[in-house]
Each structure stands twice: as structure tokens, then as C-alpha cells.
Amino acid sequence: MAVGKVTFTKAEREKLAEVLWLLNWISVVTGAILFGLGIFLKVEIQKWQEVMSEQGILYVPHMLITTGLAACGINYLGSKICLDCADTNKFLRWKLVMMPYIVCTFFFTACVLAGALLCYSIRGQLEESLYQGLRNAMRFYKDTDTPGRCYLKRTLDLLQIQFQCCGISGYRDWFQVQWISGRYLDMTDGAVVDRLRSNVEGKYLMDSVPFSCCSTISPRPCVQHRLSSASSDFSYDHQRQPLNLWRRGCGQALLDHYTGVMQSIGLTVLLIWLFELLVLTGVRYLQTAMENVLRLGDPESESDGWILEKSLAETACYNFDIIKNLGKCYQVDDDPNINVPSVAAELEVPSQQVQVQS
Amino acid sequence: MTLLKMKFNQQRRVRLAQGLWLMSWLAVTGGAFIFCLGVYLKTELLRRDEVMENAEIHVVPNILMMVGLASMGTNWVASRVCQDSLDVSRFPRWKVPLLAWFAMAALLCCLLLTVVVLSYALQGSLEDSLKVGLRNGIRFYKDTDVPGRCFQKETIDRLQMEFRCCGNNNFKDWFEVQWVSSRYLDFTSQEVKDRIRSNVDGRYLLDGVPFSCCNPASPRPCLQNHLTDSRAHYNYEYQSEELNLYSRGCRQALTDYYMGLMNSTGPGVLSLFSCVQMSVLLSMRYLQTAVEAAIASENPEGESEGYLLDKGVKETYQDVRAKVLGLLKFGQVDPSEDASGAAEGAKTADTEKAATPTPAS
């Protein structure tokens, strides 16, 4: 009892083949879109790669890129096959390729779905990577003379300016790192020495922030220094001056940005997956209908098309048996109709002798 | 003696009409592209219009938009003429509109050339406009509580950060204005009082700049205050410090940006488009003359001649001049002229004029 059986007349088969040809070409375009989305995501991630602690997240765009290229290739082949399916004679060319092609397309469609789901599930890993990366970036902000870290200051400044954020979760994060390099500190000055001695690690900590934390919408010129004491600047009370610095943390800002990008990409990929599924179903119907026509022998007759020949459970058992039997191909068979070669007969003699001795 | 005469048989006329139809649609898309270019340039100029004092430079995008729209319409008309040109019954109704069409197409080509020239010529005006606008912006930077000026601070800050520039010509422009509002100055402090007394106008001037002048590429955290005093900061040399602030002035930065925008798109795109327009014009002239000759002859399917000008350039110019002057004399009573012989009268008037120089020439 077949799953999803539909009967096709000759005209319907030809129409199905034509429609599938068109759909396959549209799928080539969507495959190119998928490829483009992968490239876009990769570029976006690489823009702020320096503030991410691990590059593992790059496997999402790589997967999208490979799936997109595979989509273009598979659907191009599919369009050629469907074009030939309209004619029963030309179908014979593709007869042996059809089944592997459908299995391939099925796995590929599963990959597309996996890609879409990855886009949604990557948030946790991204969050950790961003927070760790930003923490490192802030620690190495002052190391503009150390190779490998010399661009972190610029990157972090541009990040804070562009995303309108300060620190990791807030501007107070800057109070806990030394962001002024020792090269620019006058070690003979008593005030500097006092600050260095005031904490265990000998770091020069201040209640100040870099200029990139300054908000452009503030009505007063930016107050960067002595932020925690209320009597620092005339008429400045840090509680009542919310506009002076950016309030948002850069961790949150970047996470929101990337989550937004990935969610829209994930939605697009899901829609592409649904479309691919539709194309796959159509090709399966076409394949089974054409094979049944060949089996019936009359190209003009009606034929049945289905998704699965038997029910789901029976098909699963059948395939499982095939896989089990693949491993048995070198074992000796006890079927009396098979002519056992003389090598096996010679081997049997020593075993009988062994039995007698034991 | 006709100018650039060519023979056309029926097949060549058909080919010409088809080619011209295709080219006119190409010109329509070109016109749409030029319109979009004009819109883009105008939005870019409008985005920064708070630091521009006058809007003279806006004439460039305005002309681009007008030319774009006009060329779309003109070339669409050309495509319709092509469609009708092979139908003997429908072509004659285009006879008069085609004269207007030729005038319009020639005008468009001239306007395109004007735009290219203007985009170079108006650079000085743009610079002056920016100089005054930026000077005002810097002066009103502190007035965040005055309606009408309260956004100057945000505008100037964003401008300096986006274009990586500081001040009008350089960062020293900030030393000459009071950019810290008096609301945030402690008048009981001796330092503040000294500074205010140190100049005639009683302004609080300091050798410091706003945070938006800071260069993120500098290896040291930004120094904003006491910039001229090398002793005020450790390991700081005022004369040799280059990376701390942006070295470019905003006037130069903005001028370079807009000139780059206009000069990168201008000559290339516009010369290409005017070539297409010229070829549409010439092909239309050939098509018109060839089809009219074919219709006038006994055999509309046979060969005919197409040309650019009926007579030579000089004679055509004199003819046209005479016609225009005849039109201008329309209101006057002229005994030698009568309504049906207006053309001959123009010719005799023309020969008279050729003999005697007129005040108009």
C-alpha cells in the first residue's frame, strides 16, 4: 500500500515534467541566493572577528556556502533530467541515475534544514565568544606596541562609536582594566605611583573611560574622567546625566546585531528549504510515474506515482535489511543449489580430522 | 547638396527601425539611471545641508533629475515612432511632433554637457558654502539649549567622526571659539575667571578640542586638552604629534567627498549616455527622411534615400533663421507677403537679408 499514490495520464506527466523543469531553474537561483547569504554572513562575522574569542562560529556561513553551491549543481542536473522526462525514450538515459539523484537530493535538503536550524541555535556559542573576546580586547586595549594586539585599540574604539555602546555590559567595565599604557604614565609622579600601589596587581586603574564611549547626543561636552565622584565637574551628577556616555554594553549590542542578521538569514533559508522539499516531492512523483510507465510497457497509458512504494515501516525494514546484508557479502552461503568450489571442499577435510582428534 | 546621404531599401528600413527601437529603450533605461543618480546626489547633499550655507550646488542634481525624466519621456516617444514607422497609414501623423522631438533631444544633449561642466565649475561655490556653514556650526556648537541651533553639536560631532576630520581647516579652529557652554563652567574657579579675562570678548577659550576630533588609530588614549603645552602630558610633543587627532579639515573632507562623487560618475556615465542619445537622434533623422521619401514615392516598399540635412549646413541654418524671424514678424503687416506664399516670402526676405545685413545679425 503505497504512500501518497496519485495516478498520472500522459499529458499530466508531461506537464509535471515541464513544471519541474521550471521549478528546478528557480531552485538554481535560490541556491545562488543561499550562496550569497553565506558569503554575506561570513563577511559580517569577519568584520568584528577581532572581538570574538573563537572562530568556530564560521562553520555556519561555510555550511551555507557549500549548500548553496551544491544546490546550484543538483538543481541544474535536476532541470536537465526533468526536461528529458517529458519524453519516455529520453528517460531511459537517466533511469539508473534517478534513484541515487533522489537520495542525494534528500540528504542535501536535510543539510539545508540543518543550516537553517543552526542559524537559530548558534546564539549561545556566539554570546560566550563575544563576551570573552570583548574582555580580552579591553585588557589589550593599551597594548598598541605589541604585535598581534596593536589594532585592538582602534577596533574597539570604532566598535564603540559604530554600535553606540561602552564596555561589555556598561561603562563601569572600563574602571576595572588598565587602558592607559605604561609608556604614557609618568612614573616619577606621586599620584601615579599611589594609584599603582592601590591595587594588588599594580595596575593603573581610573574611574575614566576612553573617548569612544562619549555620546554624540549629549547636550554638554563629554565628561570622560572622574566619573564616579559627584563633585568632579561643575554641575555634573552622573546619576542625572544619562546622556553623557553610551549606556548600552557592547556585548549586548553585538549580540543583538548578529542575532538579527542570523534570524533573517535563518528565515530565508527555511523558506528555501520548503521550496526544495516541494521540488524533491515533485521529482519523486515524476520518477515513480515514469518507471511505472516503463514497467507497463505502453508509453501512452496512465501510471501511478507515489512517494514510497510500501508504507513507511515496511520501507524502513527493507532498507535496514539491505544495509545489514551489505556486511554479509563475504560469508559462505548454505544454499544446496549453489555449486561449492573445490577450494572449500579441500578446506573441509582438515576440519573433519580435527573433529575426530578432539 | 544633401548631407550624408544613404540609400535604404525596405529591409534596411525595417532593420533601422528595429535597431532604433532597441536603442531608444536602452536610452530609456539610461535616463532612469541618470534620474536615480540625480536623486542619490541630492539626498547626499541634503543629508549635510546643515553645514552648507547656500544651496547653489543643488543645481547639479536638479538638472540631472530633469534630464533623466525628460530623456525617459523623449526616448519612449522615439520607440513609439519606430513602431509606427513601418506602417504607411500611421507614420504621417508624427510629422510635426518629430520636429519638436529633435529640438528636445538636442536640448538634452546640451544639458548633459552643461551638467558635466557645472559639476567642475561649482567646486568653488561648494567650498565657500561649506566654509561659512562649518564656521557657524563650530560657533553654535555650545548652544544646545537654543532652539534652532540645538542640533549643531550632534551634527558637528557626527560629521567629524564620519568624515574623520576636525574643525574647518584644521583642529586649531576649535581654539578660537568657546565650545563649552557657560552652563557647565564653574565661575567661582580661578582658572575659569583667568581664561575669560584673557580675551577682549570675555569668552572661555581653551587649547582643547571636542572628543569627536579624536583619532581611533592613535596608539595612545586621546589627548583633548592642553594640546599646545608639551609639558601638560607625559611623553607628549606638541609639534610632532600627528596621530592623536584627525589632521584633515572638514571643509576639505566634505569637498573631496562630493567632488569625488560627482567626478567619478559624471564624465563616464554622462558621456556614454549622451553618445547613446546622439545616435538615437541621428538614427531617428535617417528613419524619418527615409520613410517619408518612401511614402512620397510611388512604391512605398521600394528604395528611398535618407539624409541628415536636406541642404548643406550653411543653407539649412539660413533657412531656419529665416523661418524663425518670419515667425517673429507674424504680427506685422507686410504687403509683399500673403498667407499661402509665406515660405516664398521667407525666401525672398532671406535673399534680401543676405544682401543687406540686418540689425539682428
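Here are some notes:
- The stretch A:193-232, subset of a type in the set (Ser, Thr, Tyr) and more than 10 Å from chain B (Cβ to nearest Cβ), residue surrounded by the fewest Cβ atoms within 10 Å (Cβ to Cβ): A:Ser231
- Residue match in the stretch B:118-127 (condition: within 30 Å of B:Asp207 (Cβ to Cβ) and at pLDDT 90 or above): yes
- Complete set of residues in the stretch B:237-249 that are at pLDDT below 90 and surrounded by 15 or more Cβ atoms within 10 Å (Cβ to Cβ): B:Tyr238, B:Glu241
- Any hit, the stretch B:115-127, residues being under 28 Å from B:Glu242 (Cβ atoms) and β-branched (Val, Ile, Thr): no
- Each residue in the stretch B:44-96 was checked for being part of a helix (DSSP H, G or I), closer than 25 Å to B:Val269 by Cα and either open to solvent by less than 70 Å² (accessible area, probe 1.4 Å) or in contact (Cβ under 8 Å) with a residue 24 or more places away in the chain (or both), and 26 of them qualify.
- Across the stretch A:110-124, not a single residue is classified as touching a Gly at 6+ places or on another chain (Cβ under 7 Å), open to solvent by less than 20 Å² (accessible area, probe 1.4 Å) and more than 30 Å from A:Phe275 (Cα to Cα).
- Residues of the stretch A:143-185 that turn out to be open to solvent by 50 Å² or more (accessible area, probe 1.4 Å) and in contact with a Phe, Trp or Tyr (Cβ under 6 Å, 6 or more places away or on another chain), as a count: 2
- Taking the stretch B:50-66 as the range and being of a type in the set (A, V, I, L, M) and either under 8 Å from the mean Cα position of the chain (by Cα) or modelled with pLDDT of 90 or more (or both) as the test, the residues that pass are B:Val51, B:Met52, B:Ile57, B:Val59, B:Val60, B:Ile63, B:Leu64, B:Met65, B:Met66.
- Hits in the stretch B:181-233 - residues which are hydroxyl-bearing (Ser, Thr, Tyr), within 10 Å of chain A (Cβ to nearest Cβ) and not in a helix (DSSP H, G or I): B:Ser181, B:Thr188, B:Ser189, B:Ser218
- For B:Ser297, the conditions (1) at pLDDT 90 or above; (2) over 17 Å from the mean Cα position of the chain (by Cα) all hold with the exception of (1).
- Hits in the stretch B:289-304 - residues which are within 16 Å of B:Pro97 (Cα to Cα) and touching a helix residue (DSSP H, G or I) at 6+ places or on another chain (Cβ under 6 Å): B:Val291
- Identity of the residue in the stretch B:154-198, under 37 Å from the mean Cα position of the chain (by Cα) and free of Cβ contacts under 8 Å to residues at least 12 places away in the same chain, that ends up nearest to A:Leu245 (Cα to Cα): B:Glu154
- Residue match in the stretch B:136-149 (condition: within 14 Å of another protein chain (Cβ to nearest Cβ), of a type in the set (Val, Ile, Thr) and open to solvent by 20 Å² or more (accessible area, probe 1.4 Å)): yes
- Here is the figure for the stretch B:300-315: residues that are open to solvent by less than 30 Å² (accessible area, probe 1.4 Å), hydroxyl-bearing (Ser, Thr, Tyr) and under 35 Å from the mean Cα position of the chain (by Cα) total 0.
- Matching option when the condition is open to solvent by less than 60 Å² (accessible area, probe 1.4 Å) and outside any loop (DSSP other than H, G, I, E, B), among B:Leu272, B:Leu282, B:Leu254: B:Leu254
The values are calculated or read from the model by the stated rules, or taken from the named source; none is laboratory data. Small disclaimer: the values here were computed from a predicted structure and weren't measured. We place every Cβ from the backbone using ideal geometry, glycine too, and count neighbours over all the protein chains shown. Calculation scope for accessible area: heavy atoms of the full protein, side chains included, ligands and nucleic acids excluded. Shrake-Rupley method; radii C 1.70, N 1.55, O 1.52, S 1.80 Å.
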